[in-house]
Amino acid sequence: MLIRSAGAVFISLIGAFAGIACSEKLKNRTAVCLEIEIMLRDAENIIRCTGYDVYGIVAALKAKSSRKTGFLNELSERYTENRDFRSEWQAAVKNDRNISADEKAVLLDFGLQLGTTDIEGQLSNIEFLIHRIHSVYEERTAEYARKGKLYRSLGMLAGAVLGIIII
């Protein structure tokens, strides 16, 4: 009987932790959006205040980056003849598993326009992208508010139900 009770408690805990993990995944998606918005604002300031080329901008963004914008670490900080910056940017963004599709779309647009126009054109485009990522952030926050508690509760409930079945 003691083994069954211990097993029931263990199964209940597994259910609770599974619910918490799903909830944390939603929370991380909001954090990624916020980090991307901060990165875009940093890029806006770098472009406004310095005369850096795309590689200088990447180097400055790398210095300020977090693990959520880890795709920046895959980018080169120096120009080489056999590398295309836009292809490198696209590959780095597409290969980052921490970033979901909506955020990737914003980042891909940013990488495609970076360095293609004058400073004012880049700043206005970045402002538009900041607005887009902020909209995605609001969606993610609302989704976390709706589903986060649900996942935690369902995980706990499913674990408790399975624990009772075992007993």
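Working from Cα positions, state the angle (0 to 90°, nearest 10) between the long axis of helix 54-64 and the longest principal axis of the chain. Helix 54-64 sits at roughly 40 degrees to that axis. Helix 2-49 and the longest principal axis of the C-alpha atoms of the chain enclose an angle of approximately 10°. The label point for Leu150 and the one for Asp118, both projected 7 Å from the Cα toward the Cβ, are 5.0 nm apart. For region 57-100, the orientation-averaged shadow of the C-alpha convex hull comes to 3.1 nm² (one quarter of the hull surface). Approximating the spin labels as points 7 Å out from Cα along Cα→Cβ, the Ala31-to-Cys49 distance works out to 2.6 nm. Here the accessible area of the chain is 59 percent carbon and sulfur, with a 1.4 angstrom probe and all protein chains present.
How large is the accessible surface per residue of the chain, computed with a 1.4 Å probe and reported in Å² as a whole number? Intermediate results must be reported in sequence, preceding the final value.
On the way: 9780 Å² over 167 residues.
I get 59 Å² per residue for the chain.
In this structure, the residue pairs whose Cα-Cα separation is over 25 Å, taken from Lys64/Lys104; Lys64/Lys147; Lys27/Lys94; Lys64/Lys149, are Lys64/Lys147; Lys64/Lys149.
A full extension of the chain between Arg4 and Gln90 corresponds to an added length of 25.7 nm, given 0.36 nm per residue minus the alpha carbon distance.
Applying 0.36 nm per residue to the separation of Asn82 and Ser135 and subtracting their alpha-carbon distance, the gain on full extension is 15.4 nm. Inter-part distance, region 2-72 to region 101-167, computed on C-alpha centroids, equals 10 Å.
Relative to the longest principal axis of the Cα atoms of the chain, the long axis of helix 101-113 lies at roughly 10 degrees. Rounded, prolate or oblate: which fits region 78-167 when a ≥ b ≥ c are the square roots of the eigenvalues of the alpha-carbon gyration tensor, with rounded for a/c under 1.5 and prolate only if a/b beats b/c? The shape class here is oblate.
The values are calculated or read from the model by the stated rules, or taken from the named source; none is laboratory data. Note that this is a predicted model, so its numbers are computed, not measured. As a convention, Cβ positions derive from the backbone with ideal geometry for all residues, glycine included, and neighbour counts pool all protein chains shown. Each accessible area value is taken on the protein alone, full model and side chains, heavy atoms only, with ligands, DNA and RNA left out. Shrake-Rupley method; radii C 1.70, N 1.55, O 1.52, S 1.80 Å.
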